[in-house]
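> Have a look at this one.
The values are calculated or read from the model by the stated rules, or taken from the named source; none is laboratory data. From a predicted model like this one, the values you see are computed outputs, not experimental measurements. Cβ coordinates were reconstructed from backbone atoms using ideal geometry, including for glycine residues, and neighbour counts include every protein chain displayed.
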Amino acid sequence: MELNIRYFAIFFTISMPLAIADGNHGSHGGFTKPKERRANIVSDQQIKNTTDENEIHGKMIQKKIIADFDFRLKIVDVKDSVADGGSHNLLVNIKRNGRAQHNLSVTAKVVYLNGLKKSKTMMELGDWYLAGYDLGKEDKYLITILFKSADGVNHSSSINYPNL
């Protein structure tokens, strides 16, 4: 019995500081929750291929100015891009004053013909933001991209795909 008490004391002594330290990572501590990463692993070469100098292949479906942001949306077949779930990737490039905007909160929302809605946080990939969706050739979709600029203002753009 005395041996069990010693093991318990050792376990308690080791685990208590770990439990206390882990408790400080929440909303009350000084640490912020890291961004969740997608299941796929993106290579350095794939990131390099998504910088502005190396243009992404794919169909440009929207290019417009949104509150001083140069906004570009492309759809790329997944075989020509990073697999992120689905048959196609939505790729968004957001620039201001000619410079790509990084670390923005960007969300893609797709409404399918049958009314189904899917929303994903887009992952940053070089100068682009990416999210994968199943987009069949025979269907039509409403694609909405929402992003929050560094000054905290929300912006959005919607388009029917393919264009009606």
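> When both residues are 6+ apart or on different chains and their Cβ atoms are under 8 Å apart, which pairs have a first residue that lies in the stretch 133-157 and is in contact (Cβ under 8 Å) with a residue 12 or more places away in the chain and assigned by TED's automatic domain parsing to the domain that holds Asn103, and a second that is aromatic (Phe, Trp, Tyr) and part of a loop (DSSP other than H, G, I, E, B)?
none
> May I pose another question? Can we say Val82 is in the same structural domain as Thr144 (by TED's automatic domain parsing), part of a strand (DSSP E or B) and among the hydrophobic types (A, V, I, L, M, F, W, C)?
Taking the combined requirement at face value, the residue does not satisfy it.
> Can you spot a residue in the stretch 66-73 that is assigned to a loop (DSSP other than H, G, I, E, B) and either within 14 Å of Ser156 (Cβ to Cβ) or not assigned by TED's automatic domain parsing to the domain that holds Ser156 (or both)?
Checked the stretch 66-73: at least one residue is assigned to a loop (DSSP other than H, G, I, E, B) and either within 14 Å of Ser156 (Cβ to Cβ) or not assigned by TED's automatic domain parsing to the domain that holds Ser156 (or both).
> Out of the residues in the stretch 88-127 that are of a type in the set (A, V, I, L, M) and in a loop (DSSP other than H, G, I, E, B), which is farthest from the chain's Cα centre (by Cα)?
Leu113
> Based on what the data block shows, is Lys74 of a type in the set (Lys, Arg), closer than 15 Å to Met60 by Cβ and under 17 Å from the mean Cα position of the chain (by Cα)?
Answer is yes for this residue.
> Just one of Val92, Val106, Val111 is closer than 16 Å to Gly58 by Cα and touching a residue at least 24 places away in the same chain (Cβ under 8 Å); which is it?
Going through Val92, Val106, Val111 in turn, the sole match is Val92.
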